[in-house]
Amino acid sequence: MIRLACYLTLAITGTTPRAINKASACLLLAMALSITNAQAELIWHWQDPFSPQEKTRLKHWVSKTAAAVEQTVAPYPFDVHVYFHRMAGKGEPVPWANTRRRPNQAIHFHVDPSYSLQQFLKDWTAPHELSHLLIPYVGQDYSWFAEGFASYLQYRVMHTLGVLTPEQVSQKTHAKISQAQDNYIYHKIPFHYAAQILRESKQYPVYYWGGAAFFQSLDARLQREQSSLVAVLKDYLACCRLQAKNLSNLVATLDRLAPAQVFAPALQAATTEAGFPLWE
Ligand SMILES: [Zn+2]
């Protein structure tokens, strides 16, 4: 609507200085509008019966977490479809969750709604799943890349949520990666190939946090260039996320936005150099 009004203003008043001022104001307004539009709408889907109170609590939990992801990194340029399934009796608020990318960007949460809002907010699953959506699906062979990415970001989002201090973020990230490295046994093959074995043998912590080591190292490298992983992602979400197709497109775009070419060489190393990803 605002864009249409701007066109009309220009068409009616011509190109006098006043009209040009008006046009500039319109442009600013349109930019503000498009930024507002970039904020994700969360679309709720209830796959099982939930009471009104449970629905309120679950919506509050995911809304707050999605806002924390957008505050930590950048607004999603699309709506996010959120599906809830009941899964009680597993001893945790979110026993299972996964993302789907077609036909919409979606997350399926399998939840035990008997837990409190605070218990949901202290769980890492929603920060992890919502972080996944910041980049496109990269294919099963490179799911270590996707899992490492989401694992590396999840504690940062939990800091924004107010449930972890910055010290706890560093401490927990360091502890998880160290533990993964200690439990890693495939020293003679590149991590990319070891990751397939880790996935098939369900050694998920080594698989996830080995991938996170890859991103920790990338972030450290970018910080030496006065940038950071989050800084590059901010630009990526703003310009290019909607055009994203696959891993090679993603990596090339991130390298174009970064102050130095770091993503492609790091990925090359993970597929050609033997051992656990080097991290700092
Ligand atoms: Zn994941």
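The values are calculated or read from the model by the stated rules, or taken from the named source; none is laboratory data. What you are looking at is a predicted structure, and each value in this text was computed from that prediction instead of being measured. Heads up, the Cβs are rebuilt from the backbone with ideal geometry, glycines too, and the neighbour counts pull from every protein chain shown. Just the protein is used for accessible areas: all its heavy atoms, side chains included, with ligands, DNA and RNA removed. Shrake-Rupley method; radii C 1.70, N 1.55, O 1.52, S 1.80 Å.
Heavy atoms of the protein chains alone define the surface here; on that basis the chain has 51 Å² accessible area per residue at 1.4 Å probe size. A Cα-only calculation for the stretch 42-130 places Rg and Dmax at 12.3, 36 Å. On the basis of the beta-carbon distance and an R0 of 22 Å, Asp182 and Glu273 show a calculated FRET efficiency of 0.65. Largest GNM mean-square fluctuation across Ser51, Ser227, Ser116, computed for the chain with C-alpha springs under 10 Å, falls on Ser51.
Using a 1.4 Å probe on the protein chains only, how many percent of the accessible area of the chain belongs to carbon and sulfur?
55
How big is the charge dipole of the chain about its Cα centre, in debye rounded to the nearest 20, if each Lys and Arg gets +1 on its Cβ and each Asp and Glu gets -1 on its Cβ?
Working: 25 positive and 20 negative charges, 132 e Å.
Dipole about the Cα centre, nearest 20: 640 debye.
Exactly which trypsin sites (Lys or Arg not before Pro) in the stretch 47-93 are in a DSSP loop and have at most 16 other Cβ atoms within 10 Å?
Those satisfying the criteria are Lys90.
One compactness figure for the stretch 99-206 is 1.17, namely its Cα radius of gyration divided by 2.2 N^0.38 Å. If you model the stretch 178-280 as an ellipsoid using its alpha carbon gyration tensor, with each semi-axis the square root of five times an eigenvalue, the axes come out at 26, 15, 12 Å, biggest first. The modelled label-to-label distance between Ser116 and Lys90, using points 7 Å beyond Cα along the C-beta direction, is 2.3 nm. A quarter of the convex hull surface defined by the alpha-carbon atoms of the chain gives 18.0 nm² as the mean projection.
In the chain, the DSSP-assigned H stretches of four residues or longer account for a calculated mean residue ellipticity at 222 nm of -19000 deg cm²/dmol, using -39500 (n - 2.57) per stretch and the full residue count as denominator.
The antiparallel fraction among DSSP beta bridges confined to the chain stands at about 35%.
Extension gain, Ala175 to Gln243, is 20.9 nm, computed as 0.36 nm per intervening residue step minus the present C-alpha separation. Among the trypsin sites (Lys or Arg not before Pro) found in the stretch 160-249, those both in a DSSP coil and sparsely packed, with 13 or fewer other Cβ atoms within 10 Å of their Cβ, are Lys188, Lys202, Lys245. I'd like the orientation of helix 229-239 relative to the chain: the angle between its Cα long axis and the longest Cα principal axis, in ° from 0 to 90, rounded to 10. Its long axis makes an angle of about 40 degrees. Pairs Lys176/Lys202; Lys55/Lys245; Lys122/Lys176; Lys55/Lys234: which exceed 27 Å Cα-Cα? Long pairs (Cα-Cα over 27 Å): Lys55/Lys245; Lys55/Lys234. The angle between the Cα long axis of helix 52-72 and the main principal axis of the chain comes to about 80°, on a 0 to 90 degree scale. Dipole of the chain computed with +1 at Lys/Arg Cβ and -1 at Asp/Glu Cβ about the Cα centre; of Cys239, Ala194, Gly275, farthest Cα towards the positive end is Cys239. Principal-axis analysis of the Cα atoms of the chain puts helix 191-200 at an angle of about 70° to the longest axis.
Return the whole-Å distance between the Cα centroid of the stretch 101-139 and the Cα centroid of the stretch 209-253. Between the Cα centre of the stretch 101-139 and that of the stretch 209-253, the gap is 20 Å.
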